[in-house]
Each structure stands twice: as structure tokens, then as C-alpha cells.
């Protein structure tokens, strides 16, 4: 069975709670045992989706799973969804819309607000060093006039004429009698006949709000920051949802990042590479001295310890890997050509180095083998 719960539900790892619930409802409706009596394959798929939703539909379990995987869930006492009765009791709010006969509950209590998602682009340096940002979001907040009830002050809700206050209606589908949520009152059992003038009976009003967030040093693309209570407002006294900020780090013109390690290419002249030099290398923390030994070769790498990205978990920062790029001049003056020609003649007088001899011997041996 697939251990990736996100793949089981067919959603991305950064899916919102609403997207996860919607995906689960779709799978549960398709493979539900009432719709597939005696179908073992459908039953297994139903159980698989239920197990995934039990974890991803719970913010705390999802947090553990995202960080430690299935092993972390077992350490925290999770043992799977159990039997069918456990599944139905765990997901009453989901099955209430599809197979209301199992839950039979009316939605008269407080309703929590929806979670929201915000995609935030940040610079490479802000991700590395951390930053404070202010974002502006438009969301629906609890209406203060009616306190989220949707009712005009001084009025009460009326009994729903469609379901007679039960919140459920029964439909005959072939051999089955299926109980579903009332389409008129959406399971509340009551309807609003005197709506609040400010929210038109929704219990929520649209507002634009500025939210401050502190981005920790070392964050990377795909990381999520959860701001509790900054989602949409609740109704009927329910709590607000949360705001999830998804990070998108812009590339840097000089640095490349791999985990907590920083990579960069550093140019040297032929003379610097041959004779050695002390150079100033830019790092994410400012310029640092790097001693280049004589005879440094192209693509040779040097490590600057502790000059990488800070650890999100508070450990030691990563390192910086400097790869040497020897720059060959494209245009030479007459004097420069003369000096290089003289240098080449001196090299020929000395004869090939051990490295060159070894290279040519290997090359000639391989050439002879391929043409024998």
C-alpha cells in the first residue's frame, strides 16, 4: 500500500485543508462500501483513503507526518483508522454530506473558519538571513453586527420547511435509501428569513488586512509558515481558520543553494592560478579571504566552513563550496603573445610533467586498443 498519504488522496504536499477534504470526499464517494457491496478492491481503496485522511485531515497529525513520516506517527501513538465503524465515527462531517444516515447530525453548533493559503516570493538573502515581512490579504471575517450568526439583531432562525428541522433528507436510489444533507439548510435544520443587513445572512464580511510575519533564517522554497487564527472568520461562534504562507525563494545571480550548502564559481586569471594569490571571495556574510595555492587547477574546489546557510533547527550553519574557474583571455596584445610564446618554449624545454606524461600514456594506450 502507498505510504505517501498525499499520493493516496491525489493532492500536493502543500494542499490546503479544504483541498484535502475535497479530494477525500471524492474518493470516499467513489469507493464507499454502500455503493460497492462485496467489492474487496473498492473496500481496500476506501480504507486506504480513510487512513490518509485521518492523518492529513488533522493539523497536528499532519504536522508530525510532514516532518517525520509514518514512523513519527507510530511513535506518537497512531495505529491507523481501525474498522469501518471507527472510520465513520471519525469522519462524520465528511460522510454527513454523502451518507447522512451514518452520522445523522445537524450542523447547529459553531462552524470554524476556512484555512487560507498565501504564496510569498522572497529574495535569496531574506531566506538565508531571515526577515520581517508584511503581507496584505483579503479574507472573510466574522460579522460583528450579528456575531457570525447571519441573523438580523433581534430575530431568530426559522425551521427549515424542506427537512422539517432534521437537517437531513432521504432519497431512494434503486435498492438503497440514501440519507443526505438537506440542500436548503445545509444540515442546520433552520433557515434565515431575516438576514443581517451587513453580511446578507452569510455571517462573514469581506475585509482587507495587513499581517506581519517573521521569516526564520534558513528557510527554503516550499516551506510553510502557519499563522494561527489569520484564516477566514468562524460562524456561529466558531474559531477562525489559519493562514498558511508558502515560501518561494528567488534565485541569486552568484550563489547556488543545496540544502544548507552554498555553491559559487569564482574566476581566477591564469597568473593567479599558476602563481597563487590571496583573493576576496563574496559570501552570504560578506567578503572572506581565500588563499589560492600556486598551481591551482580549473574546477578545483575550496571549502569555507560555516559560511553556508543557518540551520532552521538551531544547529551549525552549512559550508560554502568555491569552485575555481580559470579565465582565458580572448584578446592578447603583441607583448602578451610574445611572453606566452616564450613561456611555451620554456615549458617544452622542461618536457612534460608527470601528470601530462601519465595522461598521454593513457590516451595513446587507449587509442592503440581501439584501433588494433
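Would you mind calculating the gained length between residue 348 and residue 178 on full extension (0.36 nm times residue separation, minus the Cα-Cα distance), in nm to one decimal? Please list the in-between numbers first.
On the way: separation 170, 0.36 × 170 = 61.20 nm, distance 9.33 nm.
Computed gain between residue 348 and residue 178 is 51.9 nm.
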message = Can you compute the label reach from residue 311? Point 7 Å from Cα along the Cβ direction, backbone N cut-off under 18 Å, restricted to the stretch 241-270.
response = 258-262
Paramagnetic reach from residue 341 in the stretch 259-274 [backbone N under 18 Å; point 7 Å along Cα→Cβ] = none
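Evaluate E = 1/(1 + (r/R0)^6) for residue 326 and residue 258, where r is the Cβ-Cβ distance and R0 equals 22 Å; express this FRET efficiency to the nearest 0.05. Can you show the working numbers first?
Numbers: r = 23 Å, r/R0 = 1.06.
About 0.40, to the nearest 0.05.
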inquiry  = Using a 7 Å offset from the Cα along the Cα-to-Cβ direction at both residue 144 and residue 285, what is the distance between the two label points in nm, to one decimal?
reply    = 4.8 nm
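Mind checking the full-extension length gain between residue 132 and residue 246? Use 0.36 nm per residue of separation minus the Cα-Cα distance, one decimal, nm. Mind showing how you got there, number by number?
On the way: separation 114, 0.36 × 114 = 41.04 nm, distance 1.49 nm.
Full-extension gain reported as 39.5 nm.
Every number here is computed from the coordinates shown, using simple stated rules; none is lab data. Since this is a predicted model, take the numbers as computed values, not measurements. All Cβ positions, even for glycine, are placed from backbone atoms using ideal geometry, and neighbour counts span all protein chains on display.
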